[in-house]
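No lab work stands behind these numbers, since they all come straight from the coordinates. Bear in mind that the values here come from a model prediction, so they are computed numbers and not experimental data. Don't worry about glycine lacking a Cβ; one is built from the backbone with ideal geometry, like all the others, and counts go over all protein chains shown.
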Amino acid sequence: MQGTDDAKCPRCGARIGEVPTYWLNETLLYHDALDGTDSVVAGETVVKGEPDELVGRRLHIYECHSLLGAGGMGRVYLATNTVLNRKCALKVLSPRVAAHHVDYVERFRNEGRSAASTLHPNIVTIHATGEADGRHYLEMEFISGRSLQQLVNDEGRLTPVRATVLARSIAEGLAEAHRCGVLHRDLKPDNVLLTKAGLPKLVDFGLAKQIFADNGNERLVGTPNYMAPEVLLGEQATNSSDVYALGVCYFLMLTGRLPFTGATLHELRRAVTSDPVPNVRQSAQGITLEIAECVNLLLAKSPENRPQDGIEACQLLQAIAGQVRDLESLLLEAFRDADGISWRRAGDRYEIVVELPEGRRQTLYLEPSEHTGSEKLLLIYSVCCPADSEYYEEALRLNSLVPHGALALRELDGRTYFVMVDTYPRATVDPEEIRRSVLEVALRADDVENRLTGLDAN
């Protein structure tokens, strides 16, 4: 670590100790040049509007359609394997990096070997590796969803249940990697992709970029904001340091922010190694003591006090999550192939819009009840119309005819409304029950609204 704060960044000219804060969320590369001068190898960058030499061209059996992203080792393209007629993500090693750093060719190959040895639903599958036209490539499973970082950027903090379920799934992938003797060493939300069904998958086992100590022996590996204290102090990465990175991801999902920050690498290192873990319950509402204790264990300063690997971390998170599934994954499964149904989350509540025949539509809400433990319910309801006295008699008659759910009174924004409501035990509700109930409640609520008011306001 000695002297790292004096290395200069080629992008901004600042010393590594003075790089912009956002760089601490990137996997930087810092090493000793052969001539003894300090140098930093920046990752591949993409300039908006600049043409890419592989887009629209063929590399071996792959047609490269568009650029998906860039990293320290190269670029990733949406491509088609023309032999199997299969869409894939094609990762191509940067010729510049390969030419200047021969060991990166081996690291690139190692990424393929490492990921290919860990076949698991929570790890992106590597289909093939090879070399063509002087370029090394990896063919990977194409995930069309967004990254975990994009999810947090879009939605802010996640609900405690959803964050815990996602953390548990990530830990399951990490556990499989550790069983196979593979350290990830760069676990962070950018390296977790979410499928359309919301399943998280770990990517980038190649240490796309690294920070090397200036003595050429010890090295920092990974992304500073997700590095364990012992790694920031120059010790070797272990399974437990992967667990720490998982803890940072979990904290970020629960609160929408990182547990430790710093304007420089030096400041970040001091905070991570010296400051106490922030109280996650003070950062966000609805977080239980069990979740807070789990976060503290994952982010323990000493590696001996953390779960020792992904297997133990997964067991810990499983104990917290139990068998409860988060609402987002339930909705994704319930309406995977459904047209005319969309939703968005606002805090702990989901707002669902259902398109109905004859151009009508109905808005529904899903939210957990305020009960505790096994008594907690999932409420599925939709507003029919204001509970005006002139509607009472007809509303009572219609309620007696409802075979699914019930017509009830609910106070909303200081006014009383008729709502169609259905409930299920939160701990055992399944996607089919949600699908059936949402469609039934939408139809019944719209029918009541139409009969009582003749309008389509909800």
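Let me check I've understood the local charge: for ASN122, count other residues with C-beta under 11 angstrom from its C-beta, Lys and Arg +1, Asp and Glu -1. What total comes out? Spell out each step's value before the answer.
Numbers: positive: ARG168, LYS201; negative: GLU172, GLU176.
Residues near ASN122 contribute 0 overall.
For the range 305-458, what number results from the quotient of the Cα radius of gyration and 2.2 N^0.38 Å? Could you put the intermediate results ahead of the total?
Values: Rg = 18.2 Å, N = 154, 2.2 N^0.38 = 14.9 Å.
Relative to the 2.2 N^0.38 Å estimate, the range 305-458 comes out at 1.22.
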Legend entry - Pairs from LYS201/LYS301; LYS196/LYS376; LYS87/LYS201; LYS201/LYS376 whose Cα-Cα separation, in the structure shown, is over 20 Å: LYS201/LYS301; LYS196/LYS376; LYS201/LYS376
Inset, instruction - Would you work out the charge dipole size for the range 327-453 about its Cα centre, treating the Cβ of every Lys and Arg as +1 and the Cβ of every Asp and Glu as -1, and quote it to the nearest 20 debye? - result: 100 debye
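So how do 388-398, 268-278 stack up, highest first, on mean other-Cβ count within 10 Å?
Numbers: 388-398: 12.5, 268-278: 16.5.
Listed from highest to lowest mean packing, they are 268-278, 388-398.
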Inset, instruction - Evaluate the distance, in nm, between pseudo-label points positioned 7 Å from the Cα of GLN285 and of ASN399 along their respective Cα→Cβ axes. - result: 2.9 nm
Inset, instruction - List every residue whose amide H lies under 5 Å from the amide H of ALA128, counting only residues 5 or more places away in sequence or on a different chain, with H placed 1.01 Å from N in the peptide plane. - result: GLU139
Legend entry - For the range 404-444, with +1 on Lys and Arg beta carbons and -1 on Asp and Glu, the positive-most of GLY414, PRO431, LEU443 along the dipole: GLY414
Inset, instruction - Sort 329-336, 342-349 for me by packing, meaning the mean count of neighbouring Cβ atoms within 10 Å per residue, highest on top. - result: 329-336, 342-349
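GLU304 to ARG86: extension gain in nm, 0.36 nm per residue of separation minus the Cα-Cα distance? Walk me through the numbers on the way to the answer.
Numbers: separation 218, 0.36 × 218 = 78.48 nm, distance 4.50 nm.
74.0 nm is the gain from fully extending GLU304 to ARG86.
Return the inverse of the average 1/r over all pairs of distinct C-alpha atoms in the range 329-375, which is the Kirkwood hydrodynamic radius, in Å to one decimal. Let's see the in-between values first.
Numbers: mean 1/r = 0.0816 Å⁻¹.
Kirkwood radius, the range 329-375: 12.3 Å.
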Inset, instruction - Excluding ALA395 itself, calculate the net charge of residues whose Cβ lies under 14 Å from the Cβ of ALA395, where each Lys or Arg counts +1 and each Asp or Glu counts -1. - result: -2
Inset, instruction - Could you please state, rounded to a whole Å, how far the C-alpha centre of the range 407-458 is from the C-alpha centre of the range 149-167? - result: 27 Å
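Let's test the formula: R0 of 22 Å, r as the Cβ-Cβ distance of ARG96 and ASP133. What FRET efficiency results, to the nearest 0.05? Walk me through the intermediate numbers first.
Numbers: r = 15 Å, r/R0 = 0.69.
That gives a FRET efficiency of 0.90.
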Inset, instruction - With a point put 7 Å past each Cα toward its Cβ, work out how far SER369 is from GLN323 in nm, to one decimal. - result: 1.9 nm
